[in-house]
Amino acid sequence: FAIYAPYIKAINALKKERNAVILGHNYMTPEIYHGVSDFVGDSLQLAMKAQDVKADIIVQAGVHFMAETSKILSPEKTVLMPDMKAGCSLAESITAEGIEEMRAKYPGAPVVSYVNTTAEVKAASDICCTSSNAVQIVNAMESDTVIMTPDQYLAQNVANESHKNVVYWPGACIVHEQYTAQDLRDFREWNPGTQMIAHPECPPEVVAEADFSGSTSGIIKYVTEQKPKMAMLITECSMAANIADELPGVDFVGPCNMCPYMKKISLEKILYVLHTGENEVLVDPEMAEKARQSVEAMIDLSR
Ligand code: 13P
Ligand code: SF4
């Protein structure tokens, strides 16, 4: 951590000077998560924080759709992205035309879009969801058939917990789609007693094999409360790295996968955008207004 100290010091000083806050997603590396983030959390918690926080500038230590969500909810603030190329395979898998295609195929069915989408897609949807409230949001829809976009696996996992007929777009997260149920069975055989904890972006057969499934913050809460002897976090690698020090009795075992988009964010890039004000995220106001309705409808149902 010592090699990061000059960056951490400079960022924290500049944050005060500029009245800026850093919203850090749970997938940030430990020096960002613990060193400079003012708030850390899952997508829902960060969206709520963007809405409530008092600051002139938000630096989004996460991926681009998260920064757009912050801008949509807080249009008066300047939102900066440390790296504009920090995208998301799910957000890239669908456009507003895709939403219209689904509406044409399932007339009258409401569209629930994952927050891992562009502002354009949120604007074309009826309501958003995150991994922590997806079942609740889908169940709250009046119609029996509900369209979920763009994550096919989240949709299938929700369908398994809901009484709705969930139809979906075939997108996937490149980090979570790589896990297989056989990986989990093999690992359990080699390391009996390991608690397996999976993100709901994993395929349903992986979630079925796991002991618990939840959003990134749900996973942290579960491990912190249960304190298993051995835990395999079936999600992005930084999750275990961020909580391992606070949980010395838990052995974090097994493979993890890195998100190449999240890993584009570094202390150097955070310092650079704070210093220069470059990489401001802007959303067309008319589109932002429509997207805000979808995001706020979700937040209202989740509070
Ligand atoms: P969470 O909402 O669970 O933090 O998920 C965000 C994400 O991108 C997971 O891959
Ligand atoms: Fe997107 Fe998957 Fe990376 Fe999350 S982990 S930002 S869903 S690619």
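Extending each Cα 7 Å along its Cβ direction at I174 and K105, get the distance between those two points in nm, one decimal. In this crude spin-label approximation the distance works out to 2.3 nm. Only lysine pairs 8 or more places apart or on separate chains count here, and in region 50-190 those with Cα atoms under 23 Å apart total 10.
Show me 159-165, 19-25 ranked by packing, highest mean number of other Cβ atoms within 10 Å first.
19-25, 159-165
Per DSSP H run of n ≥ 4, the term is -39500 (n - 2.57); total these for the chain, divide by its residue number, and report the mean residue ellipticity at 222 nm rounded to 500 deg cm²/dmol. Could the numbers behind the result be given before it?
Numbers: 14 runs with 132 residues, N = 303.
Helix-only estimate at 222 nm: -12500 deg cm²/dmol.
Roughly speaking, what % of Cα-Cα pairs in region 181-258 are separated by over 19 Å, rounded to a whole number?
Numbers: 767 of 3003 pairs.
I get 26 percent for the Cα pairs in region 181-258 exceeding 19 Å.
Is the shape of region 117-185 best called rounded, prolate or oblate, per the rule: a/c under 1.5 gives rounded, else a/b larger than b/c gives prolate, else oblate, with a ≥ b ≥ c the square roots of the Cα gyration tensor eigenvalues? Verdict is oblate for region 117-185. What relative contact order, as a whole-number percentage, does the chain give when Cα pairs under 8 Å and 6 or more residues apart are counted? Across the chain, relative contact order equals 23 percent.
Counting residues in the chain as N, plug N into 2.2 N^0.38 Å and put the Cα Rg over that result. Mind showing how you got there, number by number?
Values: Rg = 19.0 Å, N = 303, 2.2 N^0.38 = 19.3 Å.
After normalising by residue count via 2.2 N^0.38 Å, the value is 0.99.
For E246 and E289, the FRET efficiency from 1/(1 + (r/R0)^6), where r spans their Cβ atoms and R0 equals 41 Å, is about 0.50. Think of it this way: in the chain, C88, C128, C129, C173, C202, C259 stand alone, with no other Cys Cβ under 4.7 Å. What residue among P248, P30, P228 has the largest mean-square fluctuation in a Gaussian network model of the chain, using Cα springs under 10 Å? In this elastic network of the chain, the residue with the biggest mean-square fluctuation among P248, P30, P228 is P248.
Please identify the DSSP H helices in the chain that span no less than 24 Å along the helix axis (Cα) and have a mean Kyte-Doolittle hydropathy of 1.0 or more. Numbers along the way, then the final one.
Details: long enough: 285-302 (25 Å, -0.41).
What comes out of the filter, once short or polar helices are dropped, is none.
FYI, it's all coordinate maths here, none of it is from the lab. Remember, it's a predicted structure, so these values are computed and weren't measured experimentally. Using ideal geometry, Cβ is built from the backbone for each residue, glycine included, and neighbour counts are taken over all protein chains shown.
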